[in-house]
């Protein structure tokens with residue numbers, strides 16, 4: 001199978017990534033302007049008696065506002081994509097090549113977003129400079145803390161080169177909390193594949209290692225191993241049984257995935273459909289989001305109807321600009337979005353100011369993401385390829 005046909009076969013993954021990005025955006029607008037949806041907290045309602053907000057929060061509809069699930073999808077997808085060619089060819093050199101260029105692939109877009117956010121901070125445009133917006137939205141514990149701990153230029157440089165990738169430091173752009181996991185998770189899957197390349201129990205080892213990681217407090221890293229597992233099964237030609245049995249398995253997995261993925265990031269689960277889950281032993285809700293993301297992506301990968309749906313052009317475009325959109329949208333929301341909302345808001349008019357702000361932010365974010373992808377993200381892909389080849393050439397000459 002040539003490179004182009006491989007890419008065409010995996011197009012649907014970009015569609016899934018694009019939808020996951022939209023869920024992250026909805027999560028941020030939700031937690032920023034309708035925190036009751038995220039926290040299941042009746043004290044934070046905005047619309048009437050709060051029945052709509054709490055209904056969404058207490059039902060699987062909250063999956064569309066669940067950022068933890070969406071980033072779990074990102075991590076499972078990374079595990080799939082980064083392991084795919086290795087599972088296809090068995091060529092270990094691919095793993096060293098991928099590892100050599102991974103930092104450079106992430107660095108340029110991330111560094112660009114940090115610089116943009118720092119400039120906006122210096123101009124005094126972020127929400128924390130306008131506390132009245134925070135008070136109106138009742139999102140003091142989240143919106144009020146964003147972009148609020150920035151230091152000088154030296155710290156900016158240290159952050160963009162080191163801390164954001166190794167120390168989970170996202171002070172200059174809050175969405176970058178995922179970058180340490182993305183970078184180290186990538187190295188984890190490369191190392192795991194290199195160590196297990198010659199074993200015949202590859203699938204079993206994937207399962208064992210993923211389960212062991214899920215028992216730690218670093219659960220998101222299991223998503224990379226689970227993504228590699230799906231990739232291996234995809235290449236091996238796995239398929240669900242035909243007929244009613246296969247359909248039943250798919251529906252059960254999909255329902256379980258939605259149930260786990262919509263698990264709320266709050267302390268109010270006793271009021272909801274997730275009450276049966278005794279989750280105190282899990283040290284957090286990440287377990288359910290990772291397992292849910294795995295179940296959903298597993299079904300999508302092995303269902304032709306779903307792969308066709310996620311291969312339609314609008315979803316593919318979203319996937320193409322998803323990284324750029326992810327990096328920029330929160331800065332747009334916390335500057336332009338909050339400014340517009342504050343200018344339009346009057347007592348009793350909450351939803352319309354929010355809707356206008358949301359729609360304008362989405363348009364501006366799409367435009368910014370389109371050109372950021374074209375000018376920055378694509379450049380990082382070319383740069384990482386060159387750096388990967390240069391590093392590999394240096395290793396070969398030793």
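The values are calculated or read from the model by the stated rules, or taken from the named source; none is laboratory data. Owing to the predicted nature of the structure, the values given are computational and were not obtained by experimental measurement. We place every Cβ from the backbone using ideal geometry, glycine too, and count neighbours over all the protein chains shown.
Looking only at the stretch 114-121, decide whether some residue is surrounded by 19 or more Cβ atoms within 10 Å (Cβ to Cβ) and out of contact with any helix residue (DSSP H, G or I) (no Cβ under 8 Å at 6 or more places or on another chain). Scanning the stretch 114-121, I find at least one residue that is surrounded by 19 or more Cβ atoms within 10 Å (Cβ to Cβ) and out of contact with any helix residue (DSSP H, G or I) (no Cβ under 8 Å at 6 or more places or on another chain), so the answer is yes.
Inclusion of residue 384 among residues that are in a helix (DSSP H, G or I), buried (at least 20 other Cβ atoms within 10 Å of the Cβ) and modelled with pLDDT of 95 or more is not warranted.
Take the residues in the stretch 151-173 that are in contact with a helix residue (DSSP H, G or I) (Cβ under 6 Å, 6 or more places away or on another chain) and surrounded by 18 or more Cβ atoms within 10 Å (Cβ to Cβ), then tell me which one is nearest to residue 238 (Cα to Cα). Here the residue is 165. For the stretch 198-216, the criterion of a residue being over 27 Å from residue 9 (Cβ atoms) and either touching a strand residue (DSSP E or B) at 6+ places or on another chain (Cβ under 6 Å) or crowded, with 17+ Cβ neighbours inside 10 Å (or both) is satisfied by at least one position.
A single entry from 332, 363 fulfils the requirement of being within 23 Å of residue 109 (Cα to Cα) and either in contact with a strand residue (DSSP E or B) (Cβ under 8 Å, 6 or more places away or on another chain) or free of Cβ contacts under 8 Å to residues at least 12 places away in the same chain (or both): 363. Taking the stretch 33-117 as the region of interest, the helices (runs of 4 or more DSSP H) fully inside it that hold 1 or more residues being under 18 Å from the mean Cα position of the chain (by Cα) and at pLDDT below 95 are 35-39, 67-89.
Among the criteria (1) under 22 Å from residue 176 (Cβ atoms); (2) surrounded by fewer than 20 Cβ atoms within 10 Å (Cβ to Cβ); (3) modelled with pLDDT under 95, the one residue 127 does not fulfil is (2). If only one of 330, 359 is in a helix (DSSP H, G or I) and buried (at least 23 other Cβ atoms within 10 Å of the Cβ), which one is it? Result: 330 is the single residue among 330, 359 that is in a helix (DSSP H, G or I) and buried (at least 23 other Cβ atoms within 10 Å of the Cβ). Mind listing whichever residues of the stretch 46-57 are farther than 20 Å from residue 25 by Cα and either crowded, with 17+ Cβ neighbours inside 10 Å or touching a residue at least 12 places away in the same chain (Cβ under 8 Å) (or both)? Residues satisfying the conditions are 47, 50. Filtering 376, 290 for residues that are closer than 30 Å to residue 247 by Cβ, touching a helix residue (DSSP H, G or I) at 6+ places or on another chain (Cβ under 6 Å) and at pLDDT 95 or above leaves a single hit, 290.
Any idea which residue in the stretch 346-356 is farthest from residue 18 (Cα to Cα), counting only those that are surrounded by 17 or more Cβ atoms within 10 Å (Cβ to Cβ) and modelled with pLDDT of 95 or more? Applying the filter and picking the extreme gives 353.
Checked across the stretch 303-310, the condition of being modelled with pLDDT under 95, in a loop (DSSP other than H, G, I, E, B) and closer than 22 Å to residue 230 by Cβ holds for no residue.
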